[in-house]
Amino acid sequence: MLPADMTSKQFIRKNVQRLEAYVPGEQPKDRRVVKLNTNENPYPPPQAVLDALQNFSGDQLRRYPDPVCTDIRDQLAAKHGCSPDQIICGNGSDEILLLLLRALVEKDETVGFFDPSYSLYPVLCDIESLAYQKIPLTGSFEWPETDFGGLKLIFVTQPNAPTSLLFPREKIEALCASFDGVVVLDEAYVEFAAHSGMDLAIARDNVVVTRSLSKSASLAGIRFGYAVGPAELIGALYKIKDSYNVNSLTQACVLAALESWPEIEKQIKQVQETRDRTAGLLRDRGYEVAGSSANFLWVQPGDIEAEKLHKLLQSRGILVRFFCAAATRGYVRITVGTDEEMEVLLQALDEINDEKANC
Ligand SMILES: *Cc1c(COP(=O)(O)O)cnc(C)c1O
């Protein structure tokens, strides 16, 4: 035990003492809640994935996993038309975002990202004691006219979160061509969108794309993401990653998922249909809804405060996400669930609206 006048705080690095940790969306124990707050896929993963889990043996558990995910990378290389040495797999794409900062950005260099975008980026920079610059989007969350000077690495969430908007392809191309650092296209939701920058990552020497199976493939729980980019740069990430960063159970599930990709694509289409129909129904009710390219809707609720709406929905057992930062506090982010879940949501919104009218 430490003496009463001492604490163990002194042993903690200053930047960690100051650090404000990332706040993930709530994961309630109660399974009855309608959970539309963390952009999970509402459908189960393909049966082949569940079979892979069932058939996993004790002998496979006893051994260390393949440290470099050879079979998965072969499959992904064939899918994307690149070489396996242009691919690295991670424990979720979040892990890869941190590896990119660790491998590429010096202590006196600056990282850039749009505001608003994924709220993990500043946390990762703080962990690495790196300076960062938030680049404000336009008032309607569109691409701003700036020169992106003085940055070593820029994260571009494409489509963007939490706004759900897909930036124009020309803007991405122009940025990659003119930027003198590394452009990281965070494509966590791109399977729900109309275009991707994967070809840029395969062909250019300064572009990396990160992908995730969490949203598109209903596999948030097994933690798998990957990056594609120039072989030299991907090679640097291999040097610093944990030896066994993707566990063997995850590797087996991911292989099965990649082999069942047509099934996953059907579910993606279903989510897109539900998304577009729900957006229309919300607009009919007077909500402003951005044209979503992701599996969530970015909704401005009209004559009720977003924070209040978030609370009222919560009290009815419906979880959506609210971000209290200045640029985002007028909106709620609603994950696209099943048609039934969207029906429950719309009913709750109508009830909230009726109650408001009666008081
Ligand atoms: C969900 C998400 C990720 C992380 O995905 P994982 O593969 O689950 O780590 C990365 N970027 C954005 C913008 C996300 O929304």
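The values are calculated or read from the model by the stated rules, or taken from the named source; none is laboratory data. Since the model is a prediction, treat every value here as computed from it, not as a measurement. With ideal geometry, Cβ positions are generated from the backbone for all residues, glycine too; neighbour counts draw on all protein chains shown. Protein only, heavy atoms only, side chains kept; ligands, DNA and RNA dropped before computing areas. Shrake-Rupley method; radii C 1.70, N 1.55, O 1.52, S 1.80 Å.
The rows are residues; the columns are (1) away from the ligand (no atom under 12 Å from the Cβ); (2) among the acidic types (Asp, Glu); (3) farther than 24 Å from residue 150 by Cα; (4) assigned to a helix (DSSP H, G or I).
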| position | (1), (2), (3), (4) |
| --- | --- |
| 174 | yes, no, no, yes |
| 180 | yes, yes, no, no |
| 184 | no, no, no, no |
| 232 | yes, yes, no, yes |
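Conditions (1) crowded, with 23+ Cβ neighbours inside 10 Å; (2) among the acidic types (Asp, Glu), marked per residue:
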| residue | (1), (2) |
| --- | --- |
| 198 | no, no |
| 204 | no, no |
| 211 | yes, no |
| 250 | no, no |
| 254 | yes, no |
| 278 | yes, no |
| 284 | no, yes |
| 293 | no, no |
What number goes with the only condition from (1) open to solvent by 50 Å² or more (accessible area, probe 1.4 Å); (2) at pLDDT 95 or above that residue 342 does not pass?
(1)
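What about residue 128, is it farther than 30 Å from residue 310 by Cα, surrounded by fewer than 20 Cβ atoms within 10 Å (Cβ to Cβ) and within 22 Å of the chain's Cα centre (by Cα)?
Here the answer is yes, as residue 128 does meet what is asked.
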Within segment 289-311, which residues are free of Cβ contacts under 8 Å to residues at least 12 places away in the same chain and among the β-branched types (Val, Ile, Thr)?
289
Matching residues in segment 147-164 - criterion: being touching a Gly at 6+ places or on another chain (Cβ under 7 Å) and within 16 Å of the ligand (Cβ to nearest atom)
153, 154, 158
Within segment 92-119, the residues that are more than 20 Å from residue 207 (Cβ to Cβ) and in contact (Cβ under 8 Å) with a residue 40 or more places away in the chain are 92, 115, 116, 119
Positions within segment 1-51 being within 25 Å of residue 294 (Cβ to Cβ), without any contact (Cβ under 8 Å) to a residue 40 or more places away in the chain and among the polar types (S, T, N, Q), in sequence order
27
Could you say whether any residue in segment 117-137 is charged (D, E, K, R), in contact with a strand residue (DSSP E or B) (Cβ under 8 Å, 6 or more places away or on another chain) and away from the ligand (no atom under 16 Å from the Cβ)?
no
